[in-house]
Structure formats: C-alpha cells, structure tokens
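> Quick one: the structure is below, and I'll ask about it shortly.
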Amino acid sequence: MFCGSSVGRNPTYLATARRTGELIGRKGWRMVYGGGATGMMGEVARAALTAGAEVIGVRPSPLDHLERPQGGIDMIHTPDLFERKQRMIGMSDVFLVLPGGLGTLDEFFEVITTAQLGMHEKPVILVNTDGYFDPLLALLRWCDAEGFIYGKVHRLFHVAPTADAAFDLF
C-alpha cells in the first residue's frame, strides 16, 4: 500500500483509504505499508485492522520522531528509505497506490521502473480517486510518445477509478 501521510484537500481521498482498508480486511489479505498513523496511511491501516487484516508497517528509524506509529500493527524498522522500499516490494504481491505526495510517487515509480526492467511481474494499480492521477498519467503518455519509455507505459500498471474497481481487477 502506497499513499500519503496527509489526508489531502478532497474528503473523497480519505473515504477511498477507508474503503481500501475495509476491502483488504474483507478479503483476508495482509497489508504492508509505511507504518504511520496519520493521513491516508493511518486511515487505511485502521480500516484494515478493523476489518480483520494483518497489517505490517515498514518504517525507517530516522522517521520515528516525525510521526507516531499506528497501534496494533507489526512494525519493521529499517535504517533508511531505500531499504524500506526494498522490504516493502519484497513482501508485497500487489501494489495499490492511493493519492499521496512525493513519497507515494517515489514508491510508484520504483515499482513501475523495476517492472519495466523485468525485476518483478507484480500488479501495480493506481486508484485514481476523482482523477487525482490524471496529470501524472498525461505526463507518462507524453514521456512514452517522446520515446523515453521503452515499451508501452500502460502495460506497467492498471488504473482504477475507485477502490472497489481496483479490487475487481484481481
């Protein structure tokens, strides 16, 4: 699960986080995420826990002073963001990306870049709540059209308008 540590301006983002966590729990899945209790991250974790999911947080120790951990989860500490991403990628079977900022975009690009390089074949799904990722999708189409993405960019990930639609892709 990749998403923001803030809630954003649109209340639909937070509702999407809640619904995503609920669906993870209903399916009996395990959720791996950044470990925080704030913003979208905290909301999806609480909803997943409430719905019965096992939730694992992976957090760099240097961030411990910036945000409080979500209670009720198993926490894995890493020395830095690089190892955090490696651990999360290794532990995950599917990558769901909800609205978020730089960290979320960094994680998204890490998983689609490694998919493009053939380092994994795990599904990557952008949950495009209220068109949040439309500007990113336009940029990726542009990069592709200009010859900077090998193969077709759309093959690297799926786009779903809602959490429910994302889970229908499984």
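Let's see how each residue does on (1) free of Cβ contacts under 8 Å to residues at least 60 places away in the same chain; (2) open to solvent by 10 Å² or more (accessible area, probe 1.4 Å); (3) over 17 Å from the mean Cα position of the chain (by Cα):
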{"site": "GLY28", "(1), (2), (3)": "yes, yes, yes"}
{"site": "GLY34", "(1), (2), (3)": "no, no, no"}
{"site": "GLU43", "(1), (2), (3)": "yes, yes, no"}
{"site": "ALA47", "(1), (2), (3)": "yes, yes, no"}
{"site": "THR50", "(1), (2), (3)": "yes, yes, yes"}
{"site": "ARG59", "(1), (2), (3)": "yes, no, no"}
{"site": "LEU63", "(1), (2), (3)": "yes, yes, yes"}
{"site": "ARG68", "(1), (2), (3)": "yes, yes, yes"}
{"site": "PHE82", "(1), (2), (3)": "yes, yes, no"}
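> Still on this structure, I have one more. How many residues are of a type in the set (Phe, Trp, Tyr), part of a loop (DSSP other than H, G, I, E, B) and open to solvent by less than 50 Å² (accessible area, probe 1.4 Å) when one looks only at the stretch 104-141?
Result for the stretch 104-141: 1.
> Quick one: would you say PHE108 is within 25 Å of HIS154 (Cα to Cα) and of a type in the set (Phe, Trp, Tyr)?
yes
> Looking at the stretch 91-103, which of the residues that are modelled with pLDDT of 95 or more and either assigned to a helix (DSSP H, G or I) or open to solvent by 60 Å² or more (accessible area, probe 1.4 Å) (or both) is farthest from ARG30 (Cα to Cα)?
LEU102
The values are calculated or read from the model by the stated rules, or taken from the named source; none is laboratory data. Being a predicted model, the structure only gives us computed values, none of them experimental. So basically every Cβ, Gly included, is an ideal-geometry build from the backbone, and we count neighbours across all protein chains shown. To get the accessible areas, we keep the full protein, side chains included, count just its heavy atoms, and leave off ligands, DNA and RNA. Shrake-Rupley method; radii C 1.70, N 1.55, O 1.52, S 1.80 Å.
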